[in-house]
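Below is one structure, written out as structure tokens; the observations come after it.
The values are calculated or read from the model by the stated rules, or taken from the named source; none is laboratory data. From a predicted model like this one, the values you see are computed outputs, not experimental measurements. Reconstructed Cβ throughout: ideal geometry from the backbone, glycine too, with neighbour counts over all protein chains shown.
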Amino acid sequence: MGTEDFNKALITYLYDEMSTEERQQFEIAMENNPELKREFEELKEMRQGLAQIQDKEVMEPFFLWGKQGSDSWVSMFKRRNLLMFKPFIAVAASLVIVMLIGYLTNFTITYKDQSLYIGFNESSTNGSEAIYTQDQVAQLVNEEIAKNNAYIFSKLTETENNLDNRFASLENSQNTQLTPSYADADVVTREELDIFLANVRSNNLKVLQTYLQSSSVQQQEYFQAVITEFSDFVENQREEDLRLIRRSLINLQENQQAQKDETDQILASILTTVNNQNN
Amino acid sequence: MAETLRDIALYHSECLVEKSQKGDNHAFGKLVGLWFKRIYNVALKYFGDHDLAMEVTQRTFIAVYKHLDNIKDVKSFKYWLYKVAINQCHEEERRQKRKTWFSIFQSDDANRMEEINFQPEKEYQRKETEEIMGSILKTLPEEQKVVIIMKEYEGMKFREIAETLGISENTAKSRLYYGLKRLRKTIENSGLNLEYK
């Protein structure tokens, strides 16, 4: 008998599964083999050690406890299986709801010309009012400048006309003042008259230059104010649109949550109904 | 008494399986009640953890419920049930290994193993003999551990173990022999002085 055969015989003897004849033969062999006997004692001792591990009492799950014989455990198993898929069902339902809402509201997200457009109803690429291209902004600025130039030109023309009128009236006034002295015209030399007129022209020129300078400064300030206001207008419009998009997304999220809660309630109701029917 | 409680339970199982196969959920409920404790204790000795044992036991009976029609010979229900339970134990152990693999921290079991291997004195001071034996039993290779549980705690014959696991009787005896030897070696290496000795 080989070592493996001895081992198997030892185990068979240890667990008392030998026939009477086999048992007697093995006991004789063990008496003549101290090593085999020692090994038997070791294994027997090991069994005593394993016997220290006792069975534990266990409470049967609630679906058996007190309701044995009912179908409650069946529904529990089914519910347990269903619950395993519940997260996947919830995710799938949420996706369907989101896609449905997106379809109904014509929700679009497009990426074009290095810009991301998010919006409802119309494609944002058709132009939200707040979004302008660089060319459109330049065109708007040019239009404003042209309008401003036309305004300045009209003001200058008006001022020139006024000055002409005032100069004419002043000249008339001087002529009128001079008229009584015509009799004494021979008293005023031609040279004195020229000096007087030159002074008048010089003064008028200074007034005109001062007016033009003042007007130019005012125009620059006005133009800067227009540009600033236009920039603020564009910025405000953009912020307003972003707020609108954020509010829409929050509404969408709230709708999704409500739909999810409703789906959970329906599933719970179905489970309760099935459970009651089984009971 | 001519029949042992185990025999009576087995006889009842056969009747209950037949009724369950015919769609009698009431009978299946009784069948679960009859075997719940046994399967739970098999799983408990396999894992040494109540929660895992309960999980495996429930999974076992779910699998039994699903595949009850596959039993052709109701007399073999007992072996089939143990086979399902052992398979569920193997699956659960694989799941636990995956969890441990992806976990940053080592599991409690791993920590307990370290204590047994490297700090036997502390382990002995902290635990009762039963807990230590249970912990050591858990460290055995699966195939040896299963045979020991079936033989030592379920009282199955070698023929029954062989039928349940689909192996020969000699293989079952060999696994049991080396399992017991390995247990003894682990205890000796740990320097434990258990009360039963």
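Here is a yes/no grid of residues against (1) at pLDDT below 90; (2) exposed (fewer than 11 other Cβ atoms within 10 Å of the Cβ); (3) under 30 Å from A:Gln213 (Cβ atoms):
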{"residue": "A:Leu95", "(1), (2), (3)": "no, no, no"}
{"residue": "A:Tyr111", "(1), (2), (3)": "yes, yes, no"}
{"residue": "A:Phe120", "(1), (2), (3)": "yes, no, no"}
{"residue": "A:Gln134", "(1), (2), (3)": "yes, yes, no"}
{"residue": "A:Ile152", "(1), (2), (3)": "no, no, yes"}
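Is it true that some residue in segment B:77-89 is over 14 Å from B:Glu154 (Cβ atoms) and within 11 Å of chain A (Cβ to nearest Cβ)? No, segment B:77-89 contains no residue that is over 14 Å from B:Glu154 (Cβ atoms) and within 11 Å of chain A (Cβ to nearest Cβ). The sole residue among A:Glu262, A:Glu221 that is under 20 Å from A:Lys86 (Cβ atoms), free of Cβ contacts under 8 Å to residues at least 12 places away in the same chain and of a type in the set (Asp, Glu) is A:Glu262. Of all residues in segment B:18-61, exactly one satisfies the criterion of being β-branched (Val, Ile, Thr) and at pLDDT below 90, namely B:Val32.
Residue count for segment B:151-178 satisfying the condition of being away from chain A (no Cβ under 11 Å) and aliphatic (A, V, I, L, M): 3.
Just checking, which of A:Gln219, A:Gln213, A:Gln257 is under 30 Å from A:Ser94 (Cα atoms), of a type outside the set (A, V, I, L, M, F, W, C) and within 60 Å of the chain's Cα centre (by Cα)?
A:Gln257
Yes/no matrix, rows are residues, columns are (1) under 17 Å from A:Gln54 (Cβ atoms); (2) at the interface with chain A (Cβ under 8 Å from one of its Cβ atoms); (3) part of a helix (DSSP H, G or I):
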{"residue": "B:Glu18", "(1), (2), (3)": "no, no, yes"}
{"residue": "B:Gly29", "(1), (2), (3)": "no, yes, yes"}
{"residue": "B:Gly33", "(1), (2), (3)": "no, yes, yes"}
{"residue": "B:Lys45", "(1), (2), (3)": "yes, yes, yes"}
{"residue": "B:Asp51", "(1), (2), (3)": "no, no, yes"}
{"residue": "B:Val56", "(1), (2), (3)": "no, no, yes"}
{"residue": "B:Thr60", "(1), (2), (3)": "no, no, yes"}
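Name the helices (runs of 4 or more DSSP H) wholly within segment B:78-172 that hold at least 1 residues that are at pLDDT below 90 and either out of contact with any Lys or Arg (no Cβ under 8 Å at 6 or more places or on another chain) or more than 28 Å from A:Asn7 (Cβ to Cβ) (or both)?
Numbers: elements: B:108-118, B:120-126, B:129-138, B:142-148, B:158-165.
Answer list for segment B:78-172: B:108-118, B:120-126, B:129-138.
If the condition is being farther than 22 Å from B:Gly179 by Cα and not in a helix (DSSP H, G or I), then segment A:1-56 contributes A:Ser19, A:Asn32, A:Asn33, A:Lys56. Within segment A:22-54, the set of residues being surrounded by fewer than 14 Cβ atoms within 10 Å (Cβ to Cβ) and within 30 Å of B:Phe61 (Cβ to Cβ) comprises A:Ala51, A:Gln54.
Among the criteria (1) within 14 Å of another protein chain (Cβ to nearest Cβ); (2) modelled with pLDDT of 90 or more, the one A:Gln24 does not fulfil is (1).
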